[in-house]
Every structure is written in structure tokens, then in C-alpha cells.
Amino acid sequence: MMLKTFDYKTLNNLEITPEMTKKLMEISLMMGKQSTKNLKTDSTLKRLIEVAKIQSTDASNRIEGIFTSDTRLRKIVAEKTMPHNRSEEEISGYRDVLNLIHQQNQYIPITSNTILTLHKHLFGFTASTWGGHYKDIDNEIIARYEDGRSEIRFTPPKAFITPELIENLCTAYNDAINEDAIPSLLLIGAFVFDFVSIHPFRNGNGRMSRLLMLLTMYKSGFEVGKFISIESLIEKTKPAYYVSLQNSSRNWATNKNSYQPFLDYFLSIVLQAYRDLQDRLQPSEKKISVTNSIINNLQDKLYPLSKRELSSLIPEYSLITIERALKELLDSKRIKKVGAGRSTKYILIFSK
């Protein structure tokens, strides 16, 4: 049987399209504009970090069908409560790994041992015995859709060769990063894609892939994931995410797959994150009131927004301040609620 290899010298003779080149160039330009060296104590950045942690923890778990209430989520991310059920145990584990990557990324190498350790922490609050161990049974990658449908997207390698494949993947990635012959963002995208394709664990593969995406981006100088939730952007584009994985998976086992579909999707996500950050950091001569900020964002988006979405769009105001302004706008009949409970969103009332 042919053992899967990882050609990170050419990425299987990857053709970098003009569109991909444009995205790489725009990301580079926006990184230069968004230097935050002198803004580390800025209250807006602090709010962005808080919101991003909540959104990342929520979105990455929700992609896998794991969730809790907004109130419980905020308490768990703030470490003000212990988990009450299995979902909250897994959310708590994700929070811990996310914090570890945010705070200690420069000390965390991209190795098989690192991956096992992070996976162990991911399941640290659960009674599961597989945390920190590669799979001991063969598995399948299943795509799950919002309408309840699911389908087998890909059959990963056998369990017995998983440790060797992860070792080889990490070696190929680290060597390519050190050689600096291919843009690091393309190598990061390829690494995440190959990790997902190996599917090395019995559970937690998707969440681990997104955590490793954040870690590898950090280590290559792309810190946007600290302020903007990349996981949330992936959740919002989940169908396109699955399609890109599917298209790049063809002939993966025989080393003839094209990384291009997934890398193009990945670059789009990273670019959108930098654009979102640029929008949040736009300087203004005069601070806009919270009510006007809410109205402006509802007008700009043209679709209903939740409190959490508004909080990320208006990082200069706390969630409590936004909730107070929403009540005032509801009372004055300038906005109305759409949905209820966890799904509550707000939309402008347009005068006839």
C-alpha cells in the first residue's frame, strides 16, 4: 500500500491563480496598516479580544453540534462557572486550548507531541479516555448540514498509520516554513487541510484543525485571529467550507490532489478577517452614540443582527450598554425583534 506523502516543496505543483495572488497581496497590505504596537492598551482592542474568544469558542463547537445558552457561554469563557453537561465540558476544553494558544503560542512547536497535548486539554473536562491519543479505530469524515442531512465526505487513512502520517506532516510543514519558498499562508492552509484529511482522532478533529489554524497563523505573524473570530467566519460559510474540502480531497491518498480549492477558500476567510478588523479599527473624529451605531450597522448589513453580532461590530461599547440601547430602540419602535430566545435578532423598522 502506498503511504501518503506531503509535498510541501511544491504543494503538488500548485498553480497560484491571479485571484489567490490578489488575496495574498491585500492581506499583506492590510497587515501593514493594522500594526497594533501602540494600541495594546486601547479599550477597543480589549473588547475585540473578549468578543473574539466568545465567538470562536461558540462557533467552532457549534459547527460540530455542540452548544449552550449565551449566558452560560459567556460565564464559561470568563471562567466564572464549571460545566454542567457534556457539551459544556467540551466547550470548557476548547476555551482552555484557545487561551493557551493566545497566550503561549511562541513557545508551542508544531509537532506530533504538541497535537496530542492540545487534544488532551480539549477533552480535559470530559470522562472520555481518548483525549491525547490518536484513533485506534478507522473513521470517516461526515459533512453535516443545517437541514439535518449528513453524508460521508471522505474516508481517512487507517488508524495504524496515523502516528507516522502526523509525524511526516509536521516535518514537511516545518521544513517548508524554514525554507520560506512558498508563502506561509499557503503552507498553513495546506497543513490544516492535510490534518483534517488524516482525521487522526476519534473525536475533536474539526475543532483541533481550527485551533491548529490559529496556532500556525500566530507563529507566522498573522495575529488577526486574536481580534476577529476566524472560526465564526468559517461557521457562516460552512457550505463553501465543505465544498472546498471535498474538491481538494480528490486523489488525496495517491498524492495527486489539488490544494487550490481549499487554499482559495482559506485565503478568502483570512482576508475577510483582516477587512473586519480594519472596519473595527477605523478612526473617527467623533465617537458615535451606541444607538446610532446600532442603527448604522443594521442599515449597513440589511439583515437581522443578534446582540452578539452587534457586540462584535461595536467593540467600543460593552454588551450591557448595547442591551440597554436595544431596549430603548425597541421601546421607541425604531427596531423590532425577529425570532426568540437564543435565536433573537433585531432589524430596523422602516417608515412607510
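Assorted remarks:
- P(r) tail, the chain: Cα-Cα pairs separated by more than 33 Å, 30% of all pairs.
- Note on Ala159 and Asp180: the extension gain reaches 4.4 nm, defined as 0.36 nm multiplied by sequence separation minus the Cα-Cα distance.
- Helix-only arithmetic for the chain: the sum of -39500 (n - 2.57) across DSSP H runs with n ≥ 4, divided by the residue total, places the mean residue ellipticity at 222 nm at -18000 deg cm²/dmol.
- Shape category assigned to the range 290-348 from the gyration tensor of Cα positions, a/c cut at 1.5: rounded
- The lysines within cross-link reach of Lys9, meaning a Cα-to-Cα straight distance under 27 Å and a gap of 8 or more places when in the same chain, are Lys22, Lys23, Lys158, Lys219, Lys256.
- Each label was represented as a point 7 Å from its Cα along the Cα-to-Cβ direction; for Glu140 and Arg342 these points are 2.7 nm apart.
- Additional length obtainable on full extension of the chain from Asn99 to Asp300, 0.36 nm per residue less Cα span: 69.1 nm
- Efficiency of FRET from Cβ geometry, Lys256 and Lys120, R₀ 35 Å, rounded to 0.05: 0.50
- Within the listed set Asp96, Asp264, Asp136, the Gaussian network model of the chain (springs between alpha-carbon atoms below 10 Å) gives the highest mean-square fluctuation for Asp136.
- For the range 290-348, the number of Lys pairs with C-alpha atoms closer than 14 Å, counting only pairs eight or more positions apart or on separate chains, is 10.
- Size of charge dipole - the chain - debye, nearest 20, with Cβ of Lys, Arg +1 and Asp, Glu -1, no other charges: 1380 debye
- Fewest-first ranking of Met25, Met31, Met217, using other Cβ atoms within 10 Å as the exposure measure: Met25, Met31, Met217
- Sparsely packed trypsin sites (Lys or Arg not before Pro) within the range 113-200, loop by DSSP, other Cβ within 10 Å at most 14: Arg149, Lys158
- R0 of 41 Å, Cβ-Cβ distance Asn113-Gln282: FRET efficiency to nearest 0.05: 0.45
- Look at Ile182, Ile198 and count the other Cβ atoms within 10 Å of each Cβ; fewest to most, that gives Ile182, Ile198.
- Computed over the chain: relative contact order in percent, which uses C-alpha pairs under 8 Å that are six or more apart: 21 percent
- Sequentially through the range 319-332, phi angles give Karplus couplings (6.51, -1.76, 1.60; θ = phi - 60°) of 4, 4, 5, 5, 4, 5, 5, 4, 4, 4, 5, 5, 4, 8 Hz, Gly and Pro residues having no value and appearing as x.
- Dipole of the chain computed with +1 at Lys/Arg Cβ and -1 at Asp/Glu Cβ about the Cα centre; of Thr57, Leu305, Val77, farthest Cα towards the positive end is Leu305.
Computed from the coordinates by the stated procedures, all read-outs in this text should not be read as laboratory data. Here the structure is a predicted model, which means the values were calculated and not measured. Ideal geometry is used to build each Cβ from the backbone, glycine not excepted, and the neighbour counts take in all protein chains shown.
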